[in-house]
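Notes follow the structure.
What follows draws every value from the coordinates through simple rules; no lab data is involved. From a predicted model like this one, the values you see are computed outputs, not experimental measurements. Glycine gets a Cβ as well: all are built from the backbone with ideal geometry, and neighbour counts include every protein chain shown.
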Amino acid sequence: MPDAVQMTVHQLAESLGNAIDAKDHCTRSHSEEVAVITQAIGLQMGLSPRSADILHIAGHLHDIGKIGIPDSILKKRGPLTDEEFAVIKQHPAMGAAIIEPVTCLSGKNGIMKMVLHHHERFDGRGYPDGLAGEDIPLGARVIAVADSLSAMLQDRPYRRARDYENAVAEIERCAGTQFDPRIVSAFMEVRDTVRGYLLSMREMCAPL
Ligand SMILES: [Fe+2]
Ligand SMILES: [Fe+2]
């Protein structure tokens, strides 16, 4: 898409990401963090700046489908029932459906597919489609790492945030099962840069 259009699309994606994060104080800035971490990993993997910008936009939008999930489930303290988890698992498809009318999000840059598949696992045990390995779109595999890192660094009603090194160790531990090992390696190369970005984005928050 032309530069001016891409800038406006980025602004709208950021705004929609802010809307979903505003539902819950625990997830404040989560979409922004995922956008920034995803872009940093993409650049480290050798993607062009333009392709990394596309990943950034997808990062802002990855959880937009949560707008369709009841707050009683999203903000529940304690474990989810199987039925509640089944509802949560609808958010990637809901997100894809929300952005589908926007041609430059559902077209060949693949943003809609990244949103749809951001909870797939490298070993095929994720959702919605149980895709494995390189059948999962690259951007979705990068978002999966960024999403987990950002989530682990935030408090949730049922657990405290991890510190940065602890969260990084967990990402490394899940290379080859939950995450694409190639993407985990790229993340390990930029881990200090990412930590710097996160520190500058959080005025008050969990220890990093
Ligand atoms: Fe952004
Ligand atoms: Fe998600």
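Quick notes
- Count of Lys pairs (Cα-Cα under 17 Å; at least 8 positions apart or interchain) in region 3-201: 10
- Kyte-Doolittle at least -1.0, axis length at least 24 Å by Cα - qualifying DSSP helices, the chain: 3-21, 181-201
- Among PHE85, PHE122, sorting on how many other beta-carbon atoms sit within 10 Å of each Cβ, with the fewest leading, yields PHE85, PHE122.
- Amide H contacts of ARG156: ALA161, each under 5 Å away and 5 or more positions distant or on a separate chain (H built 1.01 Å from N in the peptide plane; Pro and chain starts excluded).
- Each principal axis of the chain carries a Cα extent, and these read 45, 36, 36 Å when sorted largest first.
- Segments 183-189, 163-169 sorted - mean Cβ within 10 Å per residue, highest first: 183-189, 163-169
- Centre separation in Å (Cα based) which lies between region 115-138 and region 150-164: 24 Å
- Taking the chain as a Gaussian network of alpha-carbon nodes connected by springs under 10 Å, the highest mean-square fluctuation of the residues LEU12, LEU138, LEU149 belongs to LEU12.
- Residues VAL87, VAL145, ranked from the fewest to the most other C-beta atoms within 10 Å, line up as VAL87, VAL145.
- For the peptides 43-49, 110-116, 74-80, 33-39, the ranking by mean Cβ contacts within 10 Å, running from highest to lowest, is 33-39, 110-116, 43-49, 74-80.
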